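Contents: one structure, followed by commentary.
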Amino acid sequence: MPVISASHEFEVSDLFVNLQPIFGHRLFLKVEGFNFAGSIKLKAAREMVARAEAAGLLGPGSTLVESSSGNMGVALSVLAAARGYGFVCVTDSRCNEATRRAMESYGTEVHVITEPHPVEGFLGARIRHVRALLAEDERRVWLNQYLSPGNWMAHYRTTAPAIARQFPDLTVLFVGAGTTGTLMGCARYFRERRPSVRVVPVDSVGSVTFGAPPAPRHIPGLGTSVRPPLLDDSLVELPVHVEERDTVRTCRELMRGGFLFGGSTGTAVGGALRWLDEHHGDGAGGVRERVTAVTIAPDLGERYLDTVYHDEWVARAIGPEGLLPGVDRTGLGAGAGAGAGADTGAGAGAGTGAGLHAVTG
């Protein structure tokens, strides 16, 4: 067993779950929730903080400021507590209570945005609040997960190589798209090292990331209301868009198999299964083409017990169809036309990434 002196030094990076017994496809799930931040975001947080420290932007008396739907906020809370920084996390009303409480327990000051920007949704409103905080105090530093190369570099250095080592026969990798840090890090790695691997983004219906129109979203994690500046479409396949009702159904199907994962995992697995059904479904005689597929579980499910796994919340926020057993994987469209955009009121015209370009305060 390892011996550590700081919480961010511990991480389980080589755990994969074989989902074939549950779903039939040769699909493996890389589990990223076993660290003290509880999610894959710890990797990017470590990289961004290390870069800011090396550049002299962070030091004694500094206060971090970051916009987050939840998991990055918890990861930076862990690092700020360990390294003696203040931290102000700007989130919005979709962030679940368990996540907010976790951040506050580490000493983080949490600001909750309750009204979306009329064009750029909750993300645009959060970014504007971050800018206002930076203007108030020059000791505040914005790492800016939406623009920092440390966000994707962390996964280029760690996540993608771990997948490549475990699966030398990898055919396709499915990656959920939020800030697109994980997606871009993995896509760059496999484009350079193993270009035969197809990297397929999975996005939420309601996200404008890949040019789809906006629509309300309720489950935090994947999807954006402003196109991420980190995204380079040329490195990936056409995206798969997943309805939130199918996210919930997939999470609950995994749970019935004994695995409690977060909402982003339900979206990623649901999108992967639909893509595999379309591209590698039953062939002649009912024999499926052999394919090795991997997707990523960014976090575990404990923080979603009051949302994704709570019947009353699902019925109210998603609709009663979210409570139906099983997952309907027919009729999925790949590409931007298959989905709708991100936050309520988010405009597809926000695809320039406007409002995300200031990095430090």
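The values are calculated or read from the model by the stated rules, or taken from the named source; none is laboratory data. None of these values were measured; they are calculated from a predicted model. A quick note on method: Cβ atoms are made from the backbone with ideal geometry, for glycine too, and the neighbour counts reach across all protein chains shown. What goes into the accessible areas is simple: the full protein's heavy atoms, side chains included, and nothing from ligands, DNA or RNA. Shrake-Rupley method; radii C 1.70, N 1.55, O 1.52, S 1.80 Å.
Here are the numbers for the structure shown:
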{"item": "Under the Karplus curve 6.51 cos²θ - 1.76 cosθ + 1.60, θ = phi - 60°, whole-Hz ³J(HN,Hα) for region 158-172, x wherever Gly or Pro sits", "result": "10, 5, 5, x, 5, 5, 4, 5, 6, 10, x, 9, 4, 9, 8"}
{"item": "³J(HN,Hα) computed for each position of region 251-263 - Karplus, 6.51 cos²θ - 1.76 cosθ + 1.60, integer Hz, glycine/proline x", "result": "4, 6, 5, 4, 4, 5, x, x, 10, 9, 10, x, x"}
{"item": "Among ILE40, VAL172, GLY121 - extreme Cα towards positive end, dipole of the chain, charges at beta-carbon", "result": "VAL172"}
{"item": "Inter-label distance, nm, simple model (7 Å from Cα along the C-beta direction), ARG193/SER13", "result": "1.0 nm"}
{"item": "Probe 1.4 Å, accessible area per residue of the chain, Å²", "result": "38 Å²"}
{"item": "q = 0.19, 0.23, 0.25, 0.28 Å⁻¹, region 226-283: log10 I(q)/I(0) [Debye, one scatterer per Cα]", "result": "-0.79, -0.95, -1.01, -1.07"}
{"item": "Packing-based ranking, highest mean first, of 200-206, 104-110 given that Cβ atoms within 10 Å are counted", "result": "200-206, 104-110"}
{"item": "Under 5 Å, built H, 5+ apart or other chain: amide partners of VAL175", "result": "VAL200, VAL202"}
{"item": "Using a Förster distance of 45 Å, the FRET efficiency for PHE34-ALA132 (Cβ separation, nearest 0.05)", "result": "0.80"}
{"item": "Spherically averaged projected area of region 1-147 from its Cα convex hull (nm²)", "result": "11.5 nm²"}
{"item": "Space enclosed by the convex hull of the alpha-carbon atoms of region 168-212, per residue, Å³", "result": "73 Å³"}
{"item": "Karplus-derived HN-Hα couplings along region 113-129 (A = 6.51, B = -1.76, C = 1.60, θ = phi - 60°), whole Hz, x at Gly and Pro", "result": "7, 9, 10, x, 5, x, 10, 9, x, 5, 4, x, 5, 5, 4, 4, 5"}
{"item": "Solvent-accessible area, 1.4 Å probe, carbon plus sulfur percent, for the chain", "result": "52 percent"}
{"item": "Given [x] 13; [y] 20; [z] 24, the label whose value is percent of Cα pairs over 37 Å apart derived from this model", "result": "[x]"}
{"item": "Residues with amide H under 5 Å from that of GLY24, placed H, sequence gap 5 or more", "result": "none"}
{"item": "Amide hydrogen neighbours beyond the local backbone of ASP92, cut-off 5 Å, H modeled", "result": "ILE113"}
